[in-house]
Amino acid sequence: MIQRIRQWARLAGRDVYAVYRAARDPRVPWYAKALAFCVAGYALSPIDLIPDFVPVLGYLDDLIIVPLGILIVVKLIPPEIIAEHRAVAAAAQGRPVSHTAAIVIVVVWAASIVVAAWLCYRAFVS
């Protein structure tokens, strides 16, 4: 059981990198590229949109959203193209990190905090 989970995690990591590479491939349709950039950017981001310390929801994105996004993107990309990128990803060493996605997530959190503070201010001042 634990071996299957470890193998699944390795394959998911490979597929994230394959999706990242496929998003930059000119042979991939634009709609698959757009979703691939979002999924790969989120999966490779060093910051989670929902932090892991939030009970239940913190791990929900890692266990459901990312694998589901990868599955959808892989279905949208032609099989020969994703197979090519999977082979390259399997041979690659290390894991890329998306700093751009991290910045986007920080901006989303900062904007949410500003909006929440503004709403609280309006509620208490008025």
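The values are calculated or read from the model by the stated rules, or taken from the named source; none is laboratory data. Remember, it's a predicted structure, so these values are computed and weren't measured experimentally. Cβ placement follows ideal geometry from the backbone for every residue including glycine, while neighbour counts extend to all protein chains displayed.
Quick notes
- Cβ separations smaller than 8 Å between residues 6+ apart or across chains give the following pairs from the range 75-97 residues that are modelled with pLDDT of 80 or more to residues that are loosely packed, with under 11 Cβ neighbours inside 10 Å and part of a helix (DSSP H, G or I): Leu76/Tyr31.
- Under the condition of being touching a helix residue (DSSP H, G or I) at 6+ places or on another chain (Cβ under 6 Å), without any contact (Cβ under 8 Å) to a residue 12 or more places away in the chain and assigned to a helix (DSSP H, G or I), the residues counted in the range 10-68 number 1.
- Of all positions in the range 42-63, none carries a residue that is more than 21 Å from Ala102 (Cβ to Cβ), out of contact with any strand residue (DSSP E or B) (no Cβ under 6 Å at 6 or more places or on another chain) and surrounded by 18 or more Cβ atoms within 10 Å (Cβ to Cβ).
- Remark: pairs (first residue in the range 98-126, within 27 Å of Ala40 (Cα to Cα); second residue in a helix (DSSP H, G or I) and of a type in the set (Phe, Trp, Tyr); Cβ separation under 7 Å; 6+ apart in sequence or on different chains) = Ala101/Tyr42.
- Extreme residue, surrounded by the fewest Cβ atoms within 10 Å (Cβ to Cβ), among residues of the range 75-91 that are under 13 Å from Lys33 (Cβ atoms) and hydrophobic (A, V, I, L, M, F, W, C): Ile81
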